[in-house]
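The next block holds one structure in the form of structure tokens; read it before the comments.
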Amino acid sequence: MWPFKKKKKKEKEIKPHYVKICPRCHSIDIQISHQGGLSGLTALGLPTVYRCKNCGYRSHAFPEIDLNEMKRKQKIKKE
């Protein structure tokens with residue numbers, strides 16, 4: 001008998017993966033908007049402006065959602 005106990009395997013924890021989501025069309029295809037020249041520079045203290053590639057919505061306020069949680073909700077919705 002070994003003096004050390006074997007550790008039980010823990011359930012694999014899924015780390016959250018946050019992505020920005022469009023508040024208008026709920027797409028996750030978001031990019032930084034370069035319109036206006038300096039909009040993407042955070043060194044100057046300006047807020048970063050994002051643009052949805054799907055519907056064209058532009059704003060500095062795009063909510064973030066856990067991608068794993070979104071997939072889980074879609075799976076439940078389909079069932």
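Taking 0.36 nm per residue of sequence separation and removing the Cα-Cα distance, the L46/D66 pair yields an extension gain of 4.6 nm.
Of K53/K77; K15/K73; K15/K78, which ones are farther than 20 Å apart at the Cα?
Values: K53/K77 25 Å; K15/K73 16 Å; K15/K78 24 Å.
Beyond 20 Å: K53/K77; K15/K78.
All of the numbers you see were taken from the coordinates with simple rules; none came from a lab. Because the structure is a prediction, the values reported are computed rather than measured.
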